[in-house]
1. Enter the angle in degrees (range 0 to 90, nearest 10) between the Cα long axis of helix 72-82 and the first principal axis of the Cα atoms of the chain, meaning the one along which they spread out most.
2. Please compare each pair in LYS83/LYS160; LYS225/LYS250; LYS191/LYS267; LYS16/LYS136; LYS64/LYS129 to a cut-off of 23 Å on the Cα-Cα distance and tell me which ones are over it.
3. List ASP114, ASP27 from most exposed to least, where exposure is judged by having the fewest other Cβ atoms within 10 Å.
4. Just grab the label-to-label distance for LYS225 and SER97, each label 7 Å out from Cα along the Cβ direction, in nm (one decimal).
5. So the label point goes 7 Å from the Cα of GLN271 along Cα→C-beta, right? Which residues of the stretch 231-255 then have their backbone N under 18 Å from it?
6. With the crude spin-label approximation of a point 7 Å out along Cα→Cβ, what separation in nm comes out for LYS191 versus LYS250?
7. How high is the relative contact order of the stretch 157-218, in percent, with contacts defined as C-alpha pairs under 8 Å that are six or more residues apart?
8. Using the alpha carbons of the chain, what is the convex hull volume per residue in cubic angstrom, as a whole number?
Amino acid sequence: MTNKQIVGIRFQKLGKIYHFNASRVRDLDVGDFAVVNTRNGRQMGQVIQVLDDPGRPPKGRYWKHVERKATPRDLVLRQTWQKKELEATITSRAKLSEIGVPDVKIVASEFSFDGSSLTLLYSCEDDKKPNLGQLKSFIQEEYPASSVNLRLIGPRDVAKILGGMGACGQETRCCSMFLTEFSPISIKMAKAQGISLNPAEITGMCGRLRCCLIYEYENYVEARKTLPRRNKKVGTPLGEGKVIDVFPLKQSVIVYIPDEGRHEFMKHELQPLAELRALQKKANEPCDRHENGGCDCGKAKSKKE
């Protein structure tokens, strides 16, 4: 590995990729595990990518160095602590139920690879931050060798961790199968694709707009740029009509034509009326050379001839 080599490391199977400076570590390649220092303490993650030309880090930030390549002992140690995560989750849920904090759920527990820290992931239906000091103190007594932290996660992260069937019927939700980051989703994405705004059709199991609304959004936006909008009048092989529906990916529209009814036309069969009328007007006008007799267009200017 060359100097100033930047690597992308992922700490969870489908987690976000973070970049670190691996110039101090030799023989670190994609697929290897490495130990790094993070704001949550020492963590172990897997190298997902090696960047030959990473550019510069964001302003005011820098790439932290990789501490070392993980050893076989580190990997065994991580497996040992991972086996204790379910136990920590069950213990936390039982204590939370005993305390009686409403609208709070313990979703999962995460130990660092060496057990030096324990993070309880929880969700809360209320906007107010709950008081979980008693829970934290109890868990700290249960796991004195670990530094206990509490982290609030959103409904999408909850769905990602819990997994299960998607609202579309797919056996595994997209967020649990391949999504590493959540993109901002808006209602305009559904409108651009002509999807019904019925909450049952655009809402995922997390209660938020479905992540899949963004998959084809840009394709629809680009495709719509070349097609007329609804209610616009266009020229067709069957005469003038009004666009009543648009199929962007198919590059066709449905046009209502008086005395003809509804018909589907492909993009190349349409002609904007403004352009069509401009061409007709130009076709009916004699050229500038007609008055001087230097043209054989056969058109006369009625006011001058």
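1. It works out to around 80 degrees.
2. Result: LYS16/LYS136; LYS64/LYS129 exceed 23 Å.
3. Listed from fewest to most nearby Cβ atoms, that is ASP27, ASP114.
4. Output for this residue pair reads 5.6 nm.
5. 233-243, 253, 255
6. Each label point is offset 7 Å from its Cα along the Cβ direction, giving 2.4 nm.
7. Relative contact order here is 31 percent.
8. Expressed per residue, the convex hull around the Cα atoms of the chain is 270 Å³.
No value in this document is a laboratory result; all are computed from the given coordinates. If you're wondering where the values come from, they're calculated on a predicted model, not measured in any experiment. Every residue, glycine as well, gets a Cβ built from its backbone with ideal geometry; the counts of neighbours run over all protein chains shown.
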